[in-house]
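I have placed the structure first, in the form of C-alpha coordinates, so that the comments after it can refer back to it.
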Amino acid sequence: MPSNFAAVTVGRGKYLRPTSVRERPTAGMGLSIEIIGLRDAARIPENLRWAYEQMLVRLEVALQEMARSVVPGGPDGTLGRQVHARRLYHSRIVIGTVGSEFARALNRGFTSTPKKARALRFEQDGQVIFTKRVRVAGRHFFEKWLAGAPPIVEAIYDRSFYDIKDLMHG
(Lines give C-alpha, C1' and ligand atoms only; values in the text may rest on other atoms or scores of the structure.)
Protein backbone atom coordinates (compact mmCIF):
# COMPACT_ATOMS: atom_id res chain seq x y z
CA MET A 1 0.00 0.00 0.00
CA PRO A 2 1.56 3.38 -0.93
CA SER A 3 2.21 5.84 1.87
CA ASN A 4 0.29 9.07 2.14
CA PHE A 5 2.29 11.83 0.52
CA ALA A 6 1.87 15.39 -0.60
CA ALA A 7 4.06 17.80 -2.46
CA VAL A 8 4.01 21.49 -1.67
CA THR A 9 5.71 23.75 -4.18
CA VAL A 10 7.29 26.92 -2.83
CA GLY A 11 7.18 30.58 -3.70
CA ARG A 12 5.51 33.40 -5.57
CA GLY A 13 8.53 35.19 -6.95
CA LYS A 14 10.29 35.28 -10.27
CA TYR A 15 12.40 32.19 -9.59
CA LEU A 16 9.93 29.80 -7.93
CA ARG A 17 6.53 28.42 -8.87
CA PRO A 18 3.34 29.07 -6.84
CA THR A 19 2.22 26.76 -4.02
CA SER A 20 0.35 23.53 -4.88
CA VAL A 21 -0.46 20.18 -3.21
CA ARG A 22 -0.58 16.64 -4.64
CA GLU A 23 -0.25 13.03 -3.42
CA ARG A 24 2.76 10.81 -4.18
CA PRO A 25 4.40 7.82 -2.40
CA THR A 26 7.76 8.07 -0.58
CA ALA A 27 9.92 5.00 0.02
CA GLY A 28 10.80 4.26 3.63
CA MET A 29 8.31 6.65 5.23
CA GLY A 30 4.92 5.85 6.71
CA LEU A 31 3.54 9.35 6.12
CA SER A 32 5.37 12.22 4.48
CA ILE A 33 5.05 15.57 2.76
CA GLU A 34 7.57 16.83 0.25
CA ILE A 35 8.46 20.41 -0.53
CA ILE A 36 9.28 20.51 -4.24
CA GLY A 37 9.78 23.14 -6.89
CA LEU A 38 12.99 24.39 -5.35
CA ARG A 39 15.05 23.22 -8.33
CA ASP A 40 14.21 26.52 -10.00
CA ALA A 41 16.54 28.04 -7.41
CA ALA A 42 19.44 27.05 -9.66
CA ARG A 43 18.60 30.26 -11.49
CA ILE A 44 19.17 32.32 -8.32
CA PRO A 45 22.31 34.45 -8.68
CA GLU A 46 25.40 33.22 -6.80
CA ASN A 47 25.35 36.13 -4.34
CA LEU A 48 21.85 35.05 -3.19
CA ARG A 49 22.73 31.35 -2.84
CA TRP A 50 23.56 31.65 0.89
CA ALA A 51 20.11 33.16 1.57
CA TYR A 52 18.54 30.22 -0.26
CA GLU A 53 20.52 27.70 1.83
CA GLN A 54 19.48 29.48 5.05
CA MET A 55 15.86 29.38 3.87
CA LEU A 56 16.09 25.60 3.39
CA VAL A 57 17.47 25.10 6.90
CA ARG A 58 14.69 27.26 8.39
CA LEU A 59 12.10 25.33 6.36
CA GLU A 60 13.34 21.97 7.61
CA VAL A 61 13.23 23.08 11.26
CA ALA A 62 9.85 24.86 11.07
CA LEU A 63 8.09 22.07 9.15
CA GLN A 64 9.47 19.40 11.45
CA GLU A 65 8.28 21.34 14.53
CA MET A 66 4.82 21.80 12.99
CA ALA A 67 4.54 18.10 12.11
CA ARG A 68 5.69 17.00 15.57
CA SER A 69 3.23 19.33 17.29
CA VAL A 70 0.13 17.82 15.63
CA VAL A 71 0.89 14.08 15.91
CA PRO A 72 -0.83 12.15 18.72
CA GLY A 73 1.40 12.21 21.80
CA GLY A 74 2.93 15.55 20.83
CA PRO A 75 6.58 16.28 20.06
CA ASP A 76 7.91 14.18 22.96
CA GLY A 77 5.76 11.11 22.24
CA THR A 78 6.92 8.03 20.34
CA LEU A 79 5.37 9.17 17.07
CA GLY A 80 6.63 12.74 17.53
CA ARG A 81 10.20 11.47 17.89
CA GLN A 82 9.80 9.54 14.61
CA VAL A 83 9.05 12.70 12.59
CA HIS A 84 12.17 13.82 10.73
CA ALA A 85 13.15 16.29 8.03
CA ARG A 86 15.48 15.26 5.22
CA ARG A 87 16.82 17.24 2.33
CA LEU A 88 16.86 15.35 -0.96
CA TYR A 89 19.25 16.89 -3.45
CA HIS A 90 19.25 20.69 -3.40
CA SER A 91 15.67 20.97 -4.50
CA ARG A 92 13.52 18.87 -2.16
CA ILE A 93 12.73 18.65 1.53
CA VAL A 94 10.83 15.65 2.87
CA ILE A 95 9.14 15.70 6.27
CA GLY A 96 7.72 12.39 7.46
CA THR A 97 7.48 9.56 9.94
CA VAL A 98 10.44 7.25 9.54
CA GLY A 99 10.17 3.61 10.56
CA SER A 100 6.53 3.70 11.63
CA GLU A 101 3.86 1.73 9.81
CA PHE A 102 1.62 2.49 12.81
CA ALA A 103 1.56 6.19 11.82
CA ARG A 104 -0.44 5.46 8.67
CA ALA A 105 -2.92 3.26 10.55
CA LEU A 106 -3.30 5.81 13.35
CA ASN A 107 -3.92 8.56 10.82
CA ARG A 108 -6.74 6.74 8.99
CA GLY A 109 -8.08 4.60 11.88
CA PHE A 110 -7.90 0.84 12.40
CA THR A 111 -9.55 -2.16 14.05
CA SER A 112 -7.64 -3.70 16.96
CA THR A 113 -7.93 -7.45 17.59
CA PRO A 114 -6.22 -9.67 20.19
CA LYS A 115 -2.91 -11.23 19.12
CA LYS A 116 -2.47 -13.98 21.74
CA ALA A 117 -5.76 -14.09 23.65
CA ARG A 118 -9.40 -14.68 22.80
CA ALA A 119 -10.52 -11.13 23.67
CA LEU A 120 -9.27 -7.64 24.39
CA ARG A 121 -9.62 -6.50 28.01
CA PHE A 122 -9.81 -2.85 29.02
CA GLU A 123 -11.56 -0.56 31.49
CA GLN A 124 -14.05 2.11 30.49
CA ASP A 125 -15.89 4.25 33.05
CA GLY A 126 -14.84 1.90 35.85
CA GLN A 127 -16.20 -1.23 34.13
CA VAL A 128 -14.05 -4.07 32.80
CA ILE A 129 -14.90 -4.78 29.16
CA PHE A 130 -14.01 -7.87 27.10
CA THR A 131 -14.43 -7.72 23.33
CA LYS A 132 -13.09 -9.43 20.21
CA ARG A 133 -12.31 -6.19 18.37
CA VAL A 134 -12.30 -2.43 18.87
CA ARG A 135 -12.49 0.22 16.17
CA VAL A 136 -9.95 3.03 16.81
CA ALA A 137 -10.97 6.28 15.12
CA GLY A 138 -8.45 7.98 12.84
CA ARG A 139 -6.65 11.04 14.16
CA HIS A 140 -6.21 12.66 10.71
CA PHE A 141 -3.00 14.47 11.65
CA PHE A 142 -1.62 14.09 8.11
CA GLU A 143 -4.32 16.46 6.83
CA LYS A 144 -3.14 18.98 9.46
CA TRP A 145 0.38 18.66 8.02
CA LEU A 146 -0.94 19.42 4.54
CA ALA A 147 -2.93 22.42 5.76
CA GLY A 148 -0.06 23.76 7.90
CA ALA A 149 2.80 23.45 5.40
CA PRO A 150 1.94 26.11 2.75
CA PRO A 151 1.62 29.05 5.22
CA ILE A 152 4.93 28.09 6.85
CA VAL A 153 6.68 27.80 3.49
CA GLU A 154 5.26 31.16 2.34
CA ALA A 155 6.26 32.91 5.59
CA ILE A 156 9.82 31.59 5.57
CA TYR A 157 10.23 32.33 1.86
CA ASP A 158 9.00 35.90 2.36
CA ARG A 159 11.20 36.37 5.46
CA SER A 160 14.26 35.01 3.64
CA PHE A 161 13.89 37.17 0.54
CA TYR A 162 11.96 40.17 1.92
CA ASP A 163 14.41 42.89 0.91
CA ILE A 164 16.37 41.68 -2.11
CA LYS A 165 18.64 44.77 -2.10
CA ASP A 166 20.00 43.90 1.35
CA LEU A 167 20.65 40.33 0.26
CA MET A 168 22.52 41.27 -2.91
CA HIS A 169 24.83 43.71 -1.16
CA GLY A 170 25.21 41.73 2.11
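Things to note:
Here is a yes/no grid of residues against (1) crowded, with 19+ Cβ neighbours inside 10 Å; (2) modelled with pLDDT of 90 or more:
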position	(1), (2)
Asp40	no, no
Pro75	no, yes
Tyr89	no, no
Val94	yes, no
Thr97	yes, no
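- Test: Ile95 is in contact with a helix residue (DSSP H, G or I) (Cβ under 7 Å, 6 or more places away or on another chain) and either in contact (Cβ under 8 Å) with a residue 40 or more places away in the chain or outside any loop (DSSP other than H, G, I, E, B) (or both): yes
- Residues of region 41-70 that are within 11 Å of the chain's Cα centre (by Cα) and of a type in the set (Gly, Ala, Ser): Ala62, Ala67, Ser69.
- Residue in region 113-135 that is closer than 16 Å to Ile33 by Cα and either of a type in the set (D, E, K, R) or surrounded by 17 or more Cβ atoms within 10 Å (Cβ to Cβ) (or both) present: no
- Looking only at region 65-84, residues that are aliphatic (A, V, I, L, M), under 24 Å from Met55 (Cβ atoms) and outside any helix (DSSP H, G or I) come to 1 in all.
- Which numbered condition Arg87 fails, given (1) part of a helix (DSSP H, G or I); (2) among the basic types (Lys, Arg); (3) in contact (Cβ under 8 Å) with a residue 24 or more places away in the chain: (1)
- Unmet requirement for Lys144, which otherwise passes all of (1) of a type in the set (Lys, Arg); (2) loosely packed, with under 14 Cβ neighbours inside 10 Å; (3) out of contact with any strand residue (DSSP E or B) (no Cβ under 9 Å at 6 or more places or on another chain): (2)
- In summary, strands (runs of 3 or more DSSP E) completely within region 113-160 and bearing 2 or more residues that are within 31 Å of the chain's Cα centre (by Cα) occur at 134-137.
The values are calculated or read from the model by the stated rules, or taken from the named source; none is laboratory data. Just so we're clear, the structure is a prediction, and the values are computed from it rather than from any experiment. Note that each Cβ is placed from the backbone with ideal geometry, even for glycine, and that neighbours are counted across all protein chains shown.
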